[in-house]
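This report concerns only the one structure given below.
The values are calculated or read from the model by the stated rules, or taken from the named source; none is laboratory data. All values reported here derive from a predicted model rather than from experimental measurement. Cβ placement follows ideal geometry from the backbone for every residue including glycine, while neighbour counts extend to all protein chains displayed. Heavy atoms of the whole protein, side chains included, go into the accessibility calculation; ligands, DNA and RNA do not. Shrake-Rupley method; radii C 1.70, N 1.55, O 1.52, S 1.80 Å.
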Amino acid sequence: MTATGFPRAALFDLDGTLLDSAPDMLATANRMRASRGVDPMTLDALRPHVSKGARAMLAAAFPDMEQGPREALVPEFLTIYQEELGRHSVLFDGVAEMLDALEAAGSTWGIVTNKPEYLARDILPQLGWSDRCAVLIGGDTLAEKKPHPLPLQVAAERIGIGIADCVYVGDDERDIQASRAAGMPSIAALWGYRQAHEVPAEWGADVMCETADELIKPAAWPAIRSSVGAT
């Protein structure tokens, strides 16, 4: 019989799932626009593109630029973003309490993101997570990144917990695709970043949650056999 409860391990996407990093991204994009004599863009204009990565954000920031020259701006974007990292971003409501609840239940948690590992690792001490996050896999840590299942598979291997005993939480379709390919239960974080045409109900997540607050309660997580606190 499958019991309900917190999973033995919870793995999370970072931007748009744990961290509202869009304000840092906006500061980066607007510094680049200002240096080229372009007026600032709004947070609402950039926010839907954040989970798609630097190239998508640059496309939103410089829509009239040809793809080739815009591609060449990626290193500049990452350099400026590293300077803005953590200066404006905040945790989404309920995230701190959710992580506290997982830890109190004896669950392990970690991060699997497509953000370059060095940038993701830089933010951990700012959030007080250096000793709390059990594993961190970035978009350049391995030969593949999401939606490939390898990052989730390696994360589970590194913390020594089986794929089926982990749950992955993310706000992008690629997160759910990676979870399904890995055979890992998943939660679609509806509080994150997505574009108007995206329909999370079509992604195939095991659970969809409107806010991180919902995940403070064990019953909100997908029911799996090895849940912490299961009876």
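For the chain, take the longest principal axis of its alpha carbons; what is the angle in degrees between that and the long axis of helix 95-104, to the nearest 10 within 0 to 90?
Its long axis makes an angle of about 30 degrees.
Determine how large the accessible area of residue 41 is when every protein chain is in place; take a 1.4 Å probe and give Å² rounded to the nearest 10.
Residue 41 has an accessible surface of roughly 20 Å² with all protein chains in place.
Per residue, how much accessible area does the chain have with a 1.4 Å probe, in Å²?
In whole numbers, the chain has 44 Å² accessible per residue.
Using θ = phi - 60° and the Karplus relation 6.51 cos²θ - 1.76 cosθ + 1.60, list the HN-Hα couplings for the stretch 64-70 in order, rounded to whole Hz, with x at every Gly or Pro.
For the stretch 64-70, the Karplus curve yields 8, 8, 5, 4, x, x, 5 Hz.
Would you work out the relative contact order for the stretch 147-231, in percent, from Cα pairs under 8 angstrom that are 6 or more residues apart?
So the answer I get is 25 percent.
Using modelled backbone amide H atoms (1.01 Å from N, in-plane), which distant-in-sequence or interchain residues come within less than 5 Å of residue 169's amide H?
11, 12, 13, 187
About the Cα centre, and with charges only on the beta carbon of Lys, Arg (+1) and Asp, Glu (-1), how big is the dipole of the stretch 60-162? Nearest 20 debye, please.
So the magnitude is around 260 debye.
For the chain, what is the calculated [θ] at 222 nm in deg cm²/dmol (nearest 500), taking -39500 (n - 2.57) for each run of four or more DSSP H residues and dividing by its residue count?
-10000 deg cm²/dmol
What do you reckon, how do 217, 145, 52 stack up by accessible area (1.4 Å probe), largest on top?
Result of the area sort, largest leading: 217, 145, 52.
For the stretch 188-209 and the stretch 31-64, write down the distance between their C-alpha centroids in whole Å.
One Cα centre to the other: 23 Å.
Taking 19 Å as the cut-off for C-alpha to C-alpha distance, list the pairs among 115/145; 52/217; 115/146; 145/217 that go past it.
52/217; 145/217
Of 105, 185, 48, which is farthest on the positive side of the dipole of the chain, counting Cα position, with +1 on Lys and Arg Cβ, -1 on Asp and Glu Cβ, and the Cα centre as origin?
It is 185, whose Cα lies furthest towards the positive end.
Report relative contact order for the stretch 1-143 in percent, whole number only (criteria: Cα-Cα under 8 Å, sequence separation at least 6).
Contact order relative to length: 31 percent.
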